[in-house]
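Student: Would you mind keeping the following structure in view while I ask a few things?
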Amino acid sequence: MTANRQIVLDRLPGGERLGPEHFAVNVAEQPSPGAGEVLLKARYISLDAANRAWMQGATYRSALASGQVMAGGGLHEVVESNVDHLKPGDLVFADGGWQEYAVLPGARLSKLPDLKPETHLLSVYGIAGLTAYFGLLECGRPKAGETVVISAAAGSVGSIVGQIAKIKGCRVVGIAGGEEKGRWLTETLGFDAAVDYKSPEFKRQLRAAVPDGVDVFFDNTGGDVFEACLFAMKNHGRIACCGAVSQYDGAAPPHGPRGVPGLIVTKRLTLRGFVVMDFADQNDKALADLQGWVASGQLKVQEDVIDGLENLPQALVGLLAGENRGKRMVRV
């Protein structure tokens, strides 16, 4: 028997904050692929705030239940294949869960290009980069000279959004937790300003950073940060709603952001929610642009790689607490 180590969602956290105690390690037998199926071995598993949202109920995917292998996407190597378009050694992105081996229908999988380092297939050329690209350019539609503000700006998506906005000629302000992250955004990634949402002076700092208002707000957090930026929006501003990490973990907030719907009406704002799959037919163009920007040095890639399948629970807890800079993943 070949062992298949798994991380199981032992119990749902409910209204409490997620902790390692909500997970358990399980050892099962390596599965075997049937007709039309592929056996995959995980190389890297992606950590995303959405992992926590799936514990709250159905979203764009089914809700998670206690006792299940924890859900999550990752970079996998094909071990055995019963389909013509994939062979052993090929790399695919797959929703294989938090486990070493998974069997999935081959029809849902596509061979990834041979790019180095391969971790970029999970970060800038994966869901993080594509989410940043489409969320900003298709939903935010920035124009040169406009002011773009990004929440969770030091994260996997936000750090790329800000750099793309700079490439497009915008003034960019990042919202992140702590002075160290703020310095990284401005000194390394080239943001024009950074604001610390943890500071008691956050709202004043935000007003000072955007004296003329905000044209485009790329929101990853919701909650109080969303509210503060809503009040700073210019007339006819655009808001790309990507996530709500402030509301995923712990008790539900006591109230929604103030100014909804009043400011949306009076400022004539456009809000658009999206998921990256909405734009799958444009992936080739997006990847060509992203690869060109990385090659030219205009887009810097920050990755946060942690070793060991057993460290996935703590890695997710840390991500929700804002530990990471750039894309966090676990090397299996």
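The values are calculated or read from the model by the stated rules, or taken from the named source; none is laboratory data. All values derive from a computational prediction rather than experimental measurement. Glycine also receives a Cβ, built like all others from the backbone with ideal geometry; neighbour counts cover every protein chain displayed. Surface accessibility is based on the protein's heavy atoms, side chains included, excluding ligands, DNA and RNA. Shrake-Rupley method; radii C 1.70, N 1.55, O 1.52, S 1.80 Å.
Student: How many residues are in contact with a strand residue (DSSP E or B) (Cβ under 7 Å, 6 or more places away or on another chain) and not in a loop (DSSP other than H, G, I, E, B) when one looks only at the range 1-21?
Tutor: 7
Student: Taking Ile164, is it under 18 Å from Asn220 (Cβ atoms) and touching a residue at least 60 places away in the same chain (Cβ under 8 Å)?
Tutor: It is true that Ile164 is under 18 Å from Asn220 (Cβ atoms) and touching a residue at least 60 places away in the same chain (Cβ under 8 Å).
Student: Sort through Leu47, Leu64, Leu75 and tell me the only one that's open to solvent by less than 20 Å² (accessible area, probe 1.4 Å), over 19 Å from Asp10 (Cα atoms) and in contact (Cβ under 8 Å) with a residue 24 or more places away in the chain.
Tutor: Only one candidate qualifies: Leu75.
Student: Say we look at the range 97-116 and pick out the residues that are of a type in the set (D, E, K, R) and either touching a residue at least 40 places away in the same chain (Cβ under 8 Å) or in contact with a strand residue (DSSP E or B) (Cβ under 9 Å, 6 or more places away or on another chain) (or both); which of these is surrounded by the most Cβ atoms within 10 Å (Cβ to Cβ)?
Tutor: Glu100
Every residue, every condition in (1) under 20 Å from the mean Cα position of the chain (by Cα); (2) of a type in the set (A, V, I, L, M, F, W, C); (3) open to solvent by 30 Å² or more (accessible area, probe 1.4 Å), yes or no:
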residue: Ser199; (1), (2), (3): no, no, no
residue: Asp212; (1), (2), (3): no, no, yes
residue: Phe217; (1), (2), (3): yes, yes, no
residue: Asn220; (1), (2), (3): yes, no, no
residue: Val225; (1), (2), (3): yes, yes, no
residue: His236; (1), (2), (3): no, no, yes
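Student: For the range 180-197, which positions are surrounded by 15 or more Cβ atoms within 10 Å (Cβ to Cβ) and β-branched (Val, Ile, Thr)?
Tutor: Passing the criteria: Thr186, Val195.
Student: Follow-up question, since we're still on this one. Report the residue count in the range 30-44 for those that are touching a Phe, Trp or Tyr at 6+ places or on another chain (Cβ under 8 Å) and either surrounded by fewer than 20 Cβ atoms within 10 Å (Cβ to Cβ) or charged (D, E, K, R) (or both).
Tutor: 3
Student: May I pose another question? If Asn82 satisfies all but one of (1) surrounded by fewer than 18 Cβ atoms within 10 Å (Cβ to Cβ); (2) out of contact with any Pro (no Cβ under 7 Å at 6 or more places or on another chain), what's the number of the condition it fails?
Tutor: It fails just one condition, (2).
Student: Which of the strands (runs of 3 or more DSSP E) found entirely inside the range 41-142 contain at least 2 residues meeting this: within 19 Å of Ala286 (Cβ to Cβ)?
Tutor: Output list reads 91-94.
Student: Now, a different point. List the residue pairs whose Cβ atoms are under 8 Å apart, where the first residue sits in the range 17-29 and is of a type in the set (Val, Ile, Thr), the second is outside any strand (DSSP E or B) and surrounded by 13 or more Cβ atoms within 10 Å (Cβ to Cβ), and the two are 6 or more positions apart or on different chains.
Tutor: Between residues of the range 17-29 that are of a type in the set (Val, Ile, Thr) and residues that are outside any strand (DSSP E or B) and surrounded by 13 or more Cβ atoms within 10 Å (Cβ to Cβ), the close pairs are Val25/Glu310.
Student: Among what's in the range 265-292 and is more than 24 Å from Asp114 (Cβ to Cβ) and without any contact (Cβ under 8 Å) to a residue 24 or more places away in the chain, pick the residue that is farthest from the chain's Cα centre (by Cα).
Tutor: Top of the filtered list is Thr266.
Student: Is there any pair with a first residue in the range 141-154 that is charged (D, E, K, R) and a second that is assigned to a loop (DSSP other than H, G, I, E, B) and open to solvent by 10 Å² or more (accessible area, probe 1.4 Å) whose Cβ atoms are under 9 Å apart and which are 6 or more apart or on different chains, and what are they?
Tutor: Lys143/Lys168; Lys143/Gly169; Glu146/Lys168; Glu146/Gly169
Student: Further question: Hey, among Thr59, Thr119, which residue is among the hydroxyl-bearing types (Ser, Thr, Tyr), under 21 Å from the mean Cα position of the chain (by Cα) and surrounded by 15 or more Cβ atoms within 10 Å (Cβ to Cβ)?
Tutor: Answer to the selection: Thr119.
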